[in-house]
Amino acid sequence: MKGFVSRALALVVLALTVNTGWASPMLLISGLAPAFQQDPSSGLLVVEAEHFDLSVSQGGHDWVQVSGASSSGGNAMEATPNNGTKKDTGYTTNSPQLNYLVNFTQVGTHYIWIRGYGPASTDDSVHVGLNGSGPSTADRITGWGSGGWRWSDETMDGPRATIEVTAPGEQTLNLWMREDGVQVDKIVVTTDATLVP
């Protein structure tokens, strides 16, 4: 397993060998760059996918940065290789993971929006979590299709994607691949149920 860090202010690259017999192969790194800040008045938190704090390769897949003029800022992250793999269960320890250090100023239900793209219907879903936990309320996020970049808060289970923030302060927002080939440009987390990016 490899892990590497990428953030505008953190120019650090780590090559790791992890003993897969450990209870948890996750490596958490904090303090490398300022956390993404939630706006205290609007409850809005915006994350560019390529500005992760840690990328963890798992299950034979990686997140890699891709360039494209139609993505926000010209870059996005893609789950590779695209060989038809899908991770519905066990994804927290067996699917490539991106970590983002975030600073929450508000607690309660937070709605998740993902700006993504799926080259095909078998390449268009992810899981989101908090502090290494993948809640069922934010798994199986989909709804992009192959028509280009779109925003979605849809889950395959029906309800909108949400996470529960129980305490303010710095925490780790997680993104996992569900289907390889998926591309993620931006993540929006908000307390505003009416917000549509």
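The values are calculated or read from the model by the stated rules, or taken from the named source; none is laboratory data. Predicted model only: the values in this text are computed from it and were never measured. We place every Cβ from the backbone using ideal geometry, glycine too, and count neighbours over all the protein chains shown. Note: areas computed on protein heavy atoms with side chains; ligands, DNA, RNA excluded. Shrake-Rupley method; radii C 1.70, N 1.55, O 1.52, S 1.80 Å.
Can you pull out every residue in the stretch 131-150 that is within 14 Å of the chain's Cα centre (by Cα), under 15 Å from TRP113 (Cα atoms) and open to solvent by 30 Å² or more (accessible area, probe 1.4 Å)?
First, the residues of the stretch 131-150 that are within 14 Å of the chain's Cα centre (by Cα): 131-135, 138-142.
Those still in the list that are under 15 Å from TRP113 (Cα atoms) too: 138-142.
Scanning the stretch 131-150 gives a single hit, ARG140.
What number of residues within the stretch 120-130 satisfy the criterion of being assigned to a strand (DSSP E or B) and open to solvent by 10 Å² or more (accessible area, probe 1.4 Å)? Qualifying residue count, the stretch 120-130: 1. Against the condition surrounded by 13 or more Cβ atoms within 10 Å (Cβ to Cβ) and free of Cβ contacts under 8 Å to residues at least 40 places away in the same chain, how does PRO168 come out, does it pass? So PRO168 fails the test. Which one is surrounded by the fewest Cβ atoms within 10 Å (Cβ to Cβ) among residues in the stretch 22-53 that are polar (S, T, N, Q) and at pLDDT 95 or above? Once the filter is applied, the top-ranked residue is SER41.
State whether the residues of the stretch 181-191 include one that is open to solvent by 20 Å² or more (accessible area, probe 1.4 Å) and part of a loop (DSSP other than H, G, I, E, B).
Here is the first cut: in the stretch 181-191, the residues open to solvent by 20 Å² or more (accessible area, probe 1.4 Å) are 183, 186, 191.
Now restrict to residues that are part of a loop (DSSP other than H, G, I, E, B): 191.
Yes, the stretch 181-191 has at least one match.
Scanning the stretch 69-119 for residues that are acidic (Asp, Glu), more than 17 Å from ARG140 (Cβ to Cβ) and surrounded by fewer than 21 Cβ atoms within 10 Å (Cβ to Cβ) yields no hits at all.
Within the stretch 96-110, residues that are more than 11 Å from LEU54 (Cβ to Cβ) reach partners that are outside any strand (DSSP E or B) and β-branched (Val, Ile, Thr) with beta carbons closer than 8 Å, at six or more positions or on different chains, in the pairs GLN106/THR191; VAL107/THR166; GLY108/THR191; THR109/THR191; HIS110/THR191.
Restricting to the stretch 78-116, give me the number of residues that are farther than 27 Å from SER42 by Cα and either under 11 Å from the mean Cα position of the chain (by Cα) or not in a helix (DSSP H, G or I) (or both). It would help to see each step written out before you state the result.
Going through the stretch 78-116, the residues farther than 27 Å from SER42 by Cα turn out to be 78-97.
Checking which are either under 11 Å from the mean Cα position of the chain (by Cα) or not in a helix (DSSP H, G or I) (or both) leaves us with 78-90, 95-97.
Final tally of qualifying residues: 16.
Taking first residues from the stretch 77-90 that are within 10 Å of GLY181 (Cβ to Cβ) and touching a residue at least 40 places away in the same chain (Cβ under 8 Å) and partners that are among the hydrophobic types (A, V, I, L, M, F, W, C) and open to solvent by 40 Å² or more (accessible area, probe 1.4 Å), the Cβ contacts under 7 Å between residues at least 6 apart in sequence or on separate chains come to GLU78/VAL64; THR80/VAL64. Of everything in the stretch 54-77 that is in a loop (DSSP other than H, G, I, E, B) and at pLDDT 95 or above, the residue that is nearest to GLY116 (Cα to Cα) is SER57.
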